[in-house]
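Undergrad: Dropping the structure in here first, questions after.
The values are calculated or read from the model by the stated rules, or taken from the named source; none is laboratory data. This is a predicted model, so every value here is computed, not measured. Positions of Cβ are backbone-derived with ideal geometry, glycine not excepted, and every protein chain shown enters the neighbour counts. Heavy atoms of the whole protein, side chains included, go into the accessibility calculation; ligands, DNA and RNA do not. Shrake-Rupley method; radii C 1.70, N 1.55, O 1.52, S 1.80 Å.
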Amino acid sequence: MTNKITAITISAIATIAFTACGTNKHEEVKTYKMSAAEVFQASCIKCHGANGEGNPEKKTPKISDKTIGELEQDIYDVKNGGSNQSSGTTHTVMEHNMQKLIEKGYDYDTKVMATYMYETFHK
Amino acid sequence: MKKNEILEEILKEVDKHPEIMSRREALKFLSVSPLAASLLAGTTVGTSAISASTVKGKIVIVGGGLAGMSTAARLNNTITNADITVIEPDPLSVSYQPGQTLVAGGIWDKSEIVYKRDDKLPSGVKLIKGSVTAFDPDNNKITVDSKEEISYDQLIIATGLTLNYGAIKGLSGEITSSTTDNAAVKEKVGVNGVHSIFFQDGAAATWDGIQELIAQAKAHTGEKKLQAVFTHPDTPIKCGGAPKKIMYLTHARLEEAGVRDKVELTFYANGKDMFGIPEYHEAILEQFKTRGFKWNYAHNLTGMDTDAKIATFNHHWTEKGAWDEDLEEFGVILKSENVNVAYDFIHITPPMKAHDVVGKSKIGSNAGWVPVQKESLQHVKYKNVWCLGDVAAVPMGKTGGSVRKQYKVLIDNMIASMEGKTTLPAAYGGYTVCPLITGIGTVMLAEFDWSQKPTPSFPLDPTKERWIWWLLKVYALKPMTAIGMLSGRA
């Protein structure tokens, strides 16, 4: 009996491993029309400023003091409407704006953008 | 308990119900879930091989909950003659928190989920029974109980989070799930129809509350139904599924007592979804509809009048704003109003935050959580500071299932860093698991990661509620945690 169970198990696991290789989401390559730098210079800069200083008049927060990791998480949150079940997001306005910007072609890779912003703010 | 014993226990239950599924089918299901498959593959309770390292350095772990103690155990197994210190003030810091839902549902007893800190301390690991009161990461030092300075080479933050009941007007107290000094919270929560499963005493009291609600429903006459309200706050929370699990269990118990038609069950969430992953969101919506639940999004609990039995919510929405030249679109403006809701029974999921001593220190951030590179779990500013578990600013990561992946990643990276390697070898992909209890005997096993897709990639619908996942939840996950993780091997 034990041998039988083991045999079933091993074959099932082997099948999954095989299946998983073909459908691994992480391997999906998304291509963007513009580079993160181009998006930043053409769009983000208008409200967030060339050095991430923000704009009190537009209630745009300062983002120049954030680390790469923090920037990445904020962008992730903005793009995904929060990252917790049913908790929502504190970025409601930017979430709306981001969706509009994506529709206009201003989409980008989150990690690349976070790194670009950090490097631009700390030149 | 060996892995075969856990497996046999599940299969014994399966054998009792051949009309539901055969052993063969059960094994098929168990092998497709990444979590359950580890049970079969033997990585669950103590067989995974760990290669030894001879790195030197003083490692201090702040916090001795599941994350801290599991990390201590695995480091102890991994490093020869390791110098590890755990700092933890709470004698009951380690517990099986996922069991709190089952305690509240009247399925387990509270004693089944409480462990003693000192029993879970790996041998050879030093314990300081105190609280860190200051962090000085620029000088590699921390202060314990405002007097004792301790220096470190590597610092691991595993302090967990606090349940901030006091942030809701009319309630008070800020506690952890196991704090025994919880009198301030218990003054209003756990009595008089106000409940919360997020702390151990609260979970036990919730089961009394459900039984009271059943008794009330049995005596209830008139057209207006009794109102049972379930909340979800505006902060990240541990175990994101719990606010719904307790709703499903309350429903199941009311139905079992034959009084479901006397009570209306309504979910009030701050967000605008049931779940961040569309597939699971849709599945939960269907489950809500099938059970006759009501729901209101964009409602955040801000006040409680426990005498009048009124809950006050901040209801928020956006309206079209002025034309925005920069955006080349109309902007949005935020609107909100207070909404008062009368309840007979309310389950509160409190706002959660890092302990102020952590969140407001140099290792914290404006958002309160400890900012780490989310794949490597290394602090974004201090290269010898690491963080995991509930206090880490990692999306979706506040579950024991996340910690089970995180602690191995953290240790591999920390050791590589101690060995002077510049590239960190391990990456956390955001995997987490939410065994969403949808009834007594059914669970939807939601497994996912940052790709925002359900992770089981087999031709098996992951959004289905299944009995086999209930068996996994009730029989396997506790030994997986208590024996596997706390020995640093699962």
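Undergrad: Inspect all residues belonging to segment B:251-266 and state whether any of them is in contact with a Ser or Thr (Cβ under 7 Å, 6 or more places away or on another chain), of a type in the set (D, E, K, R) and part of a strand (DSSP E or B).
TA: No, segment B:251-266 contains no residue that is in contact with a Ser or Thr (Cβ under 7 Å, 6 or more places away or on another chain), of a type in the set (D, E, K, R) and part of a strand (DSSP E or B).
Undergrad: Next up: Taking the options B:Ile348, B:Ile411, name whichever one is under 21 Å from B:Gly160 (Cβ atoms), surrounded by 21 or more Cβ atoms within 10 Å (Cβ to Cβ), at pLDDT 95 or above and assigned by TED's automatic domain parsing to the domain that holds B:Val194.
TA: Details: B:Ile411 fails: assigned by TED's automatic domain parsing to the domain that holds B:Val194.
Just one listed residue meets the conditions, B:Ile348.
Undergrad: Return the pair list, or none, for Cβ contacts closer than 6 Å from residues in segment A:40-59 that are within 11 Å of another protein chain (Cβ to nearest Cβ) and in contact (Cβ under 8 Å) with a residue 24 or more places away in the chain to residues that are open to solvent by 40 Å² or more (accessible area, probe 1.4 Å) and not in a helix (DSSP H, G or I), at least 6 apart or on different chains.
TA: Sorted first by the residue in segment A:40-59, then by its partner, the pairs are A:Ser43/A:Tyr106.
Undergrad: Do you know which residues across segment B:229-241 are more than 9 Å from chain A (Cβ to nearest Cβ), within 19 Å of B:Val194 (Cα to Cα) and in contact with a helix residue (DSSP H, G or I) (Cβ under 6 Å, 6 or more places away or on another chain)?
TA: Passing the criteria: only B:Phe230.
Undergrad: Tally time: how many residues in segment B:141-159 are in contact (Cβ under 8 Å) with a residue 24 or more places away in the chain and either of a type outside the set (Gly, Ala, Ser) or part of a loop (DSSP other than H, G, I, E, B) (or both)? Give the derivation first.
TA: If we filter segment B:141-159 for residues that are in contact (Cβ under 8 Å) with a residue 24 or more places away in the chain, which is where we start, we get B:142, B:144, B:150-159.
Pick out the ones that are also either of a type outside the set (Gly, Ala, Ser) or part of a loop (DSSP other than H, G, I, E, B) (or both) and you get B:142, B:144, B:150, B:152-159.
Total satisfying the criteria: 11.
Undergrad: Turning to a different aspect of this structure: Out of segment A:73-91, which residues are facing another protein chain (nearest Cβ under 7 Å), open to solvent by less than 50 Å² (accessible area, probe 1.4 Å) and in a helix (DSSP H, G or I)?
TA: A:Gln73, A:Tyr76
Undergrad: Could you check B:Gly303 against (1) in contact with a Ser or Thr (Cβ under 9 Å, 6 or more places away or on another chain); (2) touching a residue at least 24 places away in the same chain (Cβ under 8 Å); (3) not in a strand (DSSP E or B) and say which number it fails?
TA: It fails just one condition, (3).
Undergrad: Test B:Lys272 against the criterion of being open to solvent by 10 Å² or more (accessible area, probe 1.4 Å), more than 29 Å from B:Val114 (Cα to Cα) and either at pLDDT 95 or above or not charged (D, E, K, R) (or both), and give yes or no.
TA: no
Undergrad: Got at least one residue in segment B:133-141 being open to solvent by 50 Å² or more (accessible area, probe 1.4 Å), more than 15 Å from B:Ile59 (Cα to Cα) and among the basic types (Lys, Arg)?
TA: Checking segment B:133-141: not a single residue is open to solvent by 50 Å² or more (accessible area, probe 1.4 Å), more than 15 Å from B:Ile59 (Cα to Cα) and among the basic types (Lys, Arg).
Undergrad: Can you find a residue that is crowded, with 19+ Cβ neighbours inside 10 Å, within 13 Å of A:Gly88 (Cβ to Cβ), touching an Asp or Glu at 6+ places or on another chain (Cβ under 9 Å) and at pLDDT 95 or above anywhere in segment B:278-300?
TA: yes
Undergrad: Does segment B:310-329 include one or more residues that are modelled with pLDDT of 95 or more, open to solvent by less than 20 Å² (accessible area, probe 1.4 Å), more than 12 Å from chain A (Cβ to nearest Cβ) and farther than 30 Å from B:Thr481 by Cα?
TA: yes
Undergrad: Please count how many residues of segment A:63-77 are at pLDDT 90 or above and β-branched (Val, Ile, Thr).
TA: Going through segment A:63-77 one residue at a time, the tally reaches 2.
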